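Beneath this line is the structure, given in structure tokens, with notes to follow.
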Amino acid sequence: MRKTLAGLVLLTCVAGCNGDPASVSVSQTSKQAFLALTAASPDLANAEQELTRRCLVRAGFPDVPRSTSSAVDTDLLGYPARLSASQVSVSGYGSSIRRDPSSSTDPQGSYLESLPSDRRAAYEVASVGGIADTSRVTLPDGTIVEAPKSGCVAQARTTLYGNVQQFLLVAYLPQTALKEVNGVSDADELKAVRSAYKACMKERGLEVGNWQDGVKQAQEIYERAPSPDGRVSGQEILIAVADATCRDKTGLVAAYDRVVQDRAVRWLASNETQVLAAAEARRAAEKRAVAALSSGS
Amino acid sequence: MKHIRKGLALTVISIAAAGIWQASPAAAYVPGNCEVNEFCGFKDNLYKGGFLIESAAPAGSNHVEIADNLLSSGNNRSGTNTWLAINDHSWPQDDETSWRFFPNTAVPAMTGANDEVDWFDVR
């Protein structure tokens, strides 16, 4: 939910904003590749967890719990800035509001704590390898990322991506793009539209500091009185409709898009080769993930 | 004779090495000596400068605090959870996810998001 407005704009722009900067040329293929790379993939996350679990079972740890986390949060499209007033009048902010209670327990942690120290040490070795041997990748902005090169986690990633370095590139490359658009919301060009948005919300009886405050207020309302079946309250719908109406009326999102667009396209232009390679690696991994999940062994 | 000595020496080294190997089943991959199932954040690159955070907070946790604007490297040893590193802005900017630490990955040098993380969400 948080921050993803800039990420959302980046993605939307690379998908087809009008008026790409004349000095920068980015092919439609590259734009689509980047979109594919940044979308969430529950299959990939689940397959990695499941292949790791099966490997650990073969290594003598038959009771390893199945993952209950929300898988890997790689979907940069989370902020509801694009929801229309008619959409939010029915379902409020939808999945942008966390409606499930926070976990109080961690199945994997509980499992590990149940193991005697020697078994726990053996589990670690089986899981992430027996020596300090890692695969490393340096991302375009200089950030270095690494992961175990041996053990069940590495085996699972190798099965899906071909090797651990490919996994690292697919997982982490999109994040360097976010850096390019983070922080542009205070651009001078947006000053007028920000003021207009705040005034619009105030007319509807809502005090907001910025355009994410509607979501934050709705989240707080839900947490104060959570519905057992996740039902959306009338108060949330009131806020969400005012938010969507004011965004539309003031042209806030469109203005934001224009400011972000130049940076987004330039990033993609300068990283086109890596984006295409990573997207191809991810497409292949997704096919393997589906096969692995359906094989059941 | 020289060859025999050399061979013997190699054998001794090999046996010793094998002994060390077998005696150290716990010599797993651990950048920064981070415990299994925990997330660890460090003040400096290469997991140095001391722990800023060492936590096994479960998925769904919000606002897991860390000293502001100091994080330079981190190791996510959770097998399942992604740690979202948040840069907390005040008006007019939005809070932003500066970085995601995926399960069983580590970042020895956070060039892009260095020294700007204020807290974490766990998913």
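Please treat every number below as a calculation from the coordinates, not as lab data. As the structure is a prediction and not an experimental result, all values here were calculated from the model. All Cβ positions, even for glycine, are placed from backbone atoms using ideal geometry, and neighbour counts span all protein chains on display.
Miscellaneous remarks
- Formal net charge of residues neighbouring A:Glu286 (Cβ-Cβ distance under 13 Å; K, R +1; D, E -1): +1
- Sorting the Cα pairs of region A:21-60 by distance into bins of 5 Å, from 0 upward, gives 6, 18, 14, 13, 11, 9, 9, 7, 6, 4, 3, 1 percent per bin.
- The fewest-to-most ranking of A:Glu146, B:Glu38, A:Glu220 by surrounding Cβ atoms within 10 Å reads A:Glu220, B:Glu38, A:Glu146.
- Burial ordering of B:Met110, A:Met201, fewest other beta-carbon atoms within 10 Å first: A:Met201, B:Met110
- When only Cα pairs below 8 angstrom with a gap of at least 6 residues are kept, region A:145-243 shows a relative contact order of 17 percent.
- Neighbouring Cβ atoms from other chains, within 10 Å of the Cβ of residues in A:134-147, number 5 on average.
- Theoretical FRET efficiency, 1/(1+(r/R0)^6), r = Cβ-Cβ of A:Asp133 and A:Gln274, R0 25 Å, to 0.05: 0.55
- Evaluated over the Cα positions of region A:156-297, the convex hull gives a direction-averaged projected area, one quarter of its surface, of 12.6 nm².
- Cross-link pairs A:Lys31/A:Lys202; A:Lys216/B:Lys48; A:Lys179/B:Lys43; A:Lys202/B:Lys43; A:Lys149/A:Lys216; A:Lys216/A:Lys249 - those with Cα-Cα distance over 32 Å: A:Lys31/A:Lys202; A:Lys216/B:Lys48; A:Lys202/B:Lys43; A:Lys149/A:Lys216
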